[in-house]
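The values are calculated or read from the model by the stated rules, or taken from the named source; none is laboratory data. Keep in mind the model is a prediction, meaning the values are calculated, not measured. Please note: Cβ atoms are built from the backbone with ideal geometry, for glycine as well, and neighbour counts cover all protein chains shown.
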Amino acid sequence: MFNLEPVFEFSRNNCVAICAFLVPANLLITVQILISLAIERPIGQVRIAVALAITFALTLFLHVFTWFAIGVVTPVTFILFGLGTTCLIINICASIYWQKFPQLVRSQFERFPQS
């Protein structure tokens with residue numbers, strides 16, 4: 001049988017390094033996807049970025065799960081879980097509604113007066 005305990009231990013022992021990579025990576029790739037959709041990049045490139053973003057979000061979920069598995073329930077674990085959930089939802093919605101996104105961005109910028 002496959003033993004996951006060494007993986008869980010690695011995750012918990014290197015928590016600061018893992019979070020120091022995954023939190024900015026999730027935020028940056030999500031912003032990059034939104035910008036790519038706003039400037040109407042090819043959907044193939046956007047979908048590759050979405051796949052990477054989903055990988056980062058799921059990795060963050062698995063990392064947080066290692067803490068939940070041993071009973072560590074703190075505000076930090078819920079914040080990280082919320083961040084992963086938010087990024088995952090934004091990226092999946094961006095992938096599904098990619099055709100409507102540029103119109104949404106344009107309509108939001110039309111509210112501001114041009115000088």
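Things to note:
- Some residue of the stretch 68-81 being touching a residue at least 24 places away in the same chain (Cβ under 8 Å) and out of contact with any Leu (no Cβ under 8 Å at 6 or more places or on another chain): yes
- The listed residue being hydroxyl-bearing (Ser, Thr, Tyr), at pLDDT 90 or above and within 17 Å of the chain's Cα centre (by Cα), out of 66, 86: 86
- Condition met for residue 17 (aliphatic (A, V, I, L, M), within 24 Å of residue 104 (Cβ to Cβ) and without any contact (Cβ under 8 Å) to a residue 40 or more places away in the chain): no
- Only one of the listed residues (50, 46, 64) is in contact with a Gly (Cβ under 8 Å, 6 or more places away or on another chain), surrounded by 15 or more Cβ atoms within 10 Å (Cβ to Cβ) and aliphatic (A, V, I, L, M). That residue is 64.
- Yes/no for residue 2 being among the aromatic types (Phe, Trp, Tyr), over 19 Å from residue 79 (Cα atoms), at pLDDT below 95 and surrounded by 14 or more Cβ atoms within 10 Å (Cβ to Cβ): no
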